[in-house]
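**Q** Shown below is the structure under consideration.
The values are calculated or read from the model by the stated rules, or taken from the named source; none is laboratory data. What you are looking at is a predicted structure, and each value in this text was computed from that prediction instead of being measured. Note that each Cβ is placed from the backbone with ideal geometry, even for glycine, and that neighbours are counted across all protein chains shown. Surface areas here come from the heavy atoms of the whole protein model, side chains and all, with no ligands, DNA or RNA. Shrake-Rupley method; radii C 1.70, N 1.55, O 1.52, S 1.80 Å.
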Amino acid sequence: MAALKIFSAEFKASCGTVEQFLKPTLPEVAIVGRSNVGKSSTINCLVNHKGLAKVGKTPGKTQTINFFQITTSGPKFMLVDLPGYGFAKVPDRVRVLWAPLIETFFKTRENLRGVIMLVDSRRVQDSDQEMMAWVNRLNIPIILVATKADKVPRGKRQEATRQLQEGLGVDEVPIFLSAYTGEGKHQVLGQLRELLAI
Ligand SMILES: Nc1nc2c(ncn2[C@@H]2O[C@H](COP(=O)(O)OP(=O)(O)O)[C@@H](O)[C@H]2O)c(=O)[nH]1
Ligand SMILES: [Mg+2]
């Protein structure tokens, strides 16, 4: 299937509590990943909008769920940026709020079509595996993306794939994506189109 063409992306809301979640009106696709995995860069790359998500911002006092409305050659949808995990420097009082916020999100969004899960192409960590297991348990379709692909030469991709699959405990073949070079972007947009067509 051809890739989805993204026409525009518009920030809609930033929610720190469940009560603030937007009413589900459009199909939704969430994007998750460890802090610093390149999530903001990937969002900006996918939607052709350099400043939409803030790159390199360390998670601080609050963790929020950000809703972006995306207009495409296909259906409109909501891209939902979930707060990053596995960041040691986040204070405990913030960390304890993370799981219930995400859990409520996954369990209550009736329009959720799938999750774009980001892992660093070079290494999987425990928090990635936990997230993967969690999303799989809830039976949410996943687009698996290996970020910072420009750091892994082509000759090492097969081995990197094997390590990612082993680390995550899955058979899915990750899409290697680089927000710097744009590699993999079309493949992700192709899978997105399939998710939204369901
Ligand atoms: N080499 C490389 N670095 C990247 C890429 N994407 C993001 N980064 C860098 O990784 C760091 C974290 O990026 P960011 O998008 O803020 O990650 P987030 O914390 O997951 O939102 C920044 O220093 C980025 O410049 C990529 O595709 N390739
Ligand atoms: Mg970010």
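**Q** Looking only at segment 125-136, count how many residues are over 19 Å from residue 43 (Cβ atoms) and either hydroxyl-bearing (Ser, Thr, Tyr) or in a helix (DSSP H, G or I) (or both).
**A** Of the residues in that region, 8 qualify.
Residues checked against (1) open to solvent by 70 Å² or more (accessible area, probe 1.4 Å); (2) over 20 Å from residue 168 (Cβ atoms); (3) without any contact (Cβ under 8 Å) to a residue 24 or more places away in the chain:
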position	(1), (2), (3)
33	no, no, no
65	no, yes, no
71	no, yes, no
94	no, yes, no
101	no, yes, no
118	no, no, no
122	yes, no, no
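**Q** Which residues, taken from segment 104-116, are open to solvent by 10 Å² or more (accessible area, probe 1.4 Å) and part of a helix (DSSP H, G or I)?
**A** 104, 106, 107, 108
**Q** Would you mind telling me which numbered condition in (1) surrounded by 17 or more Cβ atoms within 10 Å (Cβ to Cβ); (2) free of Cβ contacts under 8 Å to residues at least 40 places away in the same chain residue 52 fails?
**A** (2)
**Q** Let me ask something additional. Could you grab the pairs with beta carbons closer than 6 Å, sequence gap of 6+ or different chains, first residue in segment 7-20 and without any contact (Cβ under 8 Å) to a residue 60 or more places away in the chain and open to solvent by less than 50 Å² (accessible area, probe 1.4 Å), second one in a helix (DSSP H, G or I) and among the small types (Gly, Ala, Ser)?
**A** Final answer for the pair search is none.
**Q** When segment 7-65 is examined, which residues are found to be of a type in the set (Phe, Trp, Tyr) and more than 14 Å from ligand 2 (Cβ to nearest atom)?
**A** Within segment 7-65, 7, 21 qualify.
**Q** Sticking with this structure for a sec: Would you be able to tell me the number of residues in segment 89-103 that are of a type outside the set (A, V, I, L, M, F, W, C) and either in a loop (DSSP other than H, G, I, E, B) or modelled with pLDDT under 70 (or both)?
**A** Residues in segment 89-103 being of a type outside the set (A, V, I, L, M, F, W, C) and either in a loop (DSSP other than H, G, I, E, B) or modelled with pLDDT under 70 (or both): 2 in total.
**Q** Kindly indicate which of 27, 83, 75 is modelled with pLDDT of 95 or more and surrounded by 13 or more Cβ atoms within 10 Å (Cβ to Cβ).
**A** 27
**Q** Across segment 137-166, what is the number of residues that are surrounded by fewer than 17 Cβ atoms within 10 Å (Cβ to Cβ) and either without any contact (Cβ under 8 Å) to a residue 24 or more places away in the chain or part of a helix (DSSP H, G or I) (or both)?
**A** 15
**Q** Taking the conditions exactly as written (exposed (fewer than 13 other Cβ atoms within 10 Å of the Cβ), without any contact (Cβ under 8 Å) to a residue 24 or more places away in the chain and either more than 16 Å from ligand 1 (Cβ to nearest atom) or under 30 Å from residue 7 (Cβ atoms) (or both)), does residue 169 satisfy them or not?
**A** no
**Q** Return yes when residue 127 is crowded, with 20+ Cβ neighbours inside 10 Å, at negative phi, hydroxyl-bearing (Ser, Thr, Tyr) and over 12 Å from the mean Cα position of the chain (by Cα) and no when it is not.
**A** So residue 127 does not fit the description; no.
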